[in-house]
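Chemist: Have a look at this one before I ask anything.
The values are calculated or read from the model by the stated rules, or taken from the named source; none is laboratory data. Computed from a prediction, not measured in an experiment: that's the story for all the values here. Here Cβ is always computed from backbone atoms with ideal geometry, including for glycine, and neighbour counts include all displayed protein chains.
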Amino acid sequence: MAAASSFDLISDLHLDFWINSNNTQSQIDLFVDSLLPTDRPINPSKVLVIAGDLGHKNSQNELLLRSFKRYYRSILFVFGNHDLYLTSSSARWKSKYLSANRINEMKQLATQIEGIYILDGSTVSIEGVAYGGTGMWHDFSFGVAMGFPEPYLLDIWQHSMNDANLILPKFNLTTLQYHFKKELEKLESIFEQSQVIITHVSPDASNMPTKYLNDPVSTFYYFDGSHLLSRAKGKVWCYGHTHTQIDYLHCDGCRNALGYPDERTGTKIRTIQL
């Protein structure tokens, strides 16, 4: 790993919560400019990592990536749960009621922009640093550890999470477990060779806010990555999803989520030194 390497990090941009669908490239540029640290607005790292949840509209997401390219030579991102959402009847019709088709469209749009890399069980090496990742998913493990049976957790998930209605086809317990298994297989396939690991869902609930410790809904924001964290010494693991602003280190893990406007986090893009 190059001694002086660094990359910039942000997640959970949720672009369409910040600006409406009629915004032009110039307005999206202003949004991107507002995320740059004020101490170095024109001198970011060469690499930007986005740990999932760009936004609900692929057309806006494409403009967002093009805007970031004004500053970054390379941009790497994984898909978050919101990147699978089909939020309108027109979006559902366009994607033939399959979230996978929306993902495929976003991949096609991204490949048309030089220096954009989607990590979906894949790796890319930039200036001697190997980046790898996938979006990941939750596995109900923390809820089960609290004593809640999986069918009960599924019922809670179906009645409390937008994922249950906006990701198509709708999940049942079997397909949720299958989706988690496939994402975990992707993660494990790139784990050893990756020096920087990017997932959207967090592998560690140890820093869960106290008020959520016994809440079954909290299990939908984490997966049990303890078997991987134990092998992550010397690696940097970046993730988002929870919108928390508690930056901390474990095996050099990190998160830096923007979140929704009403959360008022004041988050700026964060530089991670390697």
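Chemist: Please list, ordered by first then second residue, the pairs with beta carbon atoms under 6 Å, 6 or more apart or interchain, first in region 255-274 and at pLDDT below 75, second of a type in the set (A, V, I, L, M, F, W, C).
Modeler: Hits for this filter: 256/9; 256/10.
Chemist: If you don't mind, another one. Of the residues 113, 10, only one is among the hydrophobic types (A, V, I, L, M, F, W, C), surrounded by fewer than 17 Cβ atoms within 10 Å (Cβ to Cβ) and either assigned to a helix (DSSP H, G or I) or out of contact with any His (no Cβ under 9 Å at 6 or more places or on another chain) (or both); which?
Modeler: 113
Chemist: Somewhere in region 134-156, is a residue among the small types (Gly, Ala, Ser), closer than 15 Å to residue 81 by Cβ, at pLDDT 95 or above and surrounded by 21 or more Cβ atoms within 10 Å (Cβ to Cβ)?
Modeler: Yes, region 134-156 contains at least one residue that is among the small types (Gly, Ala, Ser), closer than 15 Å to residue 81 by Cβ, at pLDDT 95 or above and surrounded by 21 or more Cβ atoms within 10 Å (Cβ to Cβ).
Chemist: Among the listed residues 185, 105, which satisfies the condition of being among the acidic types (Asp, Glu), part of a helix (DSSP H, G or I), touching a helix residue (DSSP H, G or I) at 6+ places or on another chain (Cβ under 7 Å) and surrounded by fewer than 19 Cβ atoms within 10 Å (Cβ to Cβ)?
Modeler: Of the residues listed, the single one that is among the acidic types (Asp, Glu), part of a helix (DSSP H, G or I), touching a helix residue (DSSP H, G or I) at 6+ places or on another chain (Cβ under 7 Å) and surrounded by fewer than 19 Cβ atoms within 10 Å (Cβ to Cβ) is 105.
Chemist: Would you please name the residue that is nearest to residue 13 (Cα to Cα), looking only at residues in region 188-214 that are assigned to a loop (DSSP other than H, G, I, E, B) and touching a helix residue (DSSP H, G or I) at 6+ places or on another chain (Cβ under 8 Å)?
Modeler: Taking the candidates together, the pick is 200.
Chemist: Just name the residue that is nearest to residue 169 (Cα to Cα) out of those in region 70-93 that are assigned to a strand (DSSP E or B) and hydrophobic (A, V, I, L, M, F, W, C).
Modeler: Out of the qualifying residues, it is 77.
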